[in-house]
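Reviewing the structure listed below.
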Amino acid sequence: MKLDTGTLIVVGMVLLFYLRLIVIQWGKASRFNRSKGKTKSNTYEPLKFKFNWLLIGIGAAMIIFGILMKAVGLFGIWFEEYWWLFTSIGIFIFGMGIRN
């Protein structure tokens, strides 16, 4: 697999997506610890995320479209060169659909 600029940008966006999830979870955990106090008798409740399904759907559609642009080859040479743009924007939109 050739690591071109587009692939590296998409990998960076995926890492930022996971970093966003980690930050949301850390924020919820610290708020839980502040509100309940840090004692061993407290049980840790599972963290729940809120979803904006419209943003998640748009992001998933853009990710799939970008992957199809790269894999299929039916969209023209100029359009296929920028497959990473659709994929990375889709990952960003997908990440914004997950709230704390």
- Tell me, yes or no, whether segment 82-89 has at least one residue that is free of Cβ contacts under 8 Å to residues at least 12 places away in the same chain, more than 14 Å from the chain's Cα centre (by Cα) and surrounded by 14 or more Cβ atoms within 10 Å (Cβ to Cβ). no
- Query: Any residue at all in segment 3-13 that is exposed (fewer than 14 other Cβ atoms within 10 Å of the Cβ), at pLDDT 80 or above and outside any helix (DSSP H, G or I)?
  - Reply: yes
- Message: Exactly one condition in (1) among the polar types (S, T, N, Q); (2) modelled with pLDDT of 75 or more; (3) in contact with a helix residue (DSSP H, G or I) (Cβ under 7 Å, 6 or more places away or on another chain) is false for ASN52; which is it?
- Response: (3)
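The values are calculated or read from the model by the stated rules, or taken from the named source; none is laboratory data. These numbers come from a predicted model, not from an experiment. In this analysis, Cβ positions are derived from the backbone assuming ideal geometry, glycine residues included, and neighbour counts consider all displayed protein chains.
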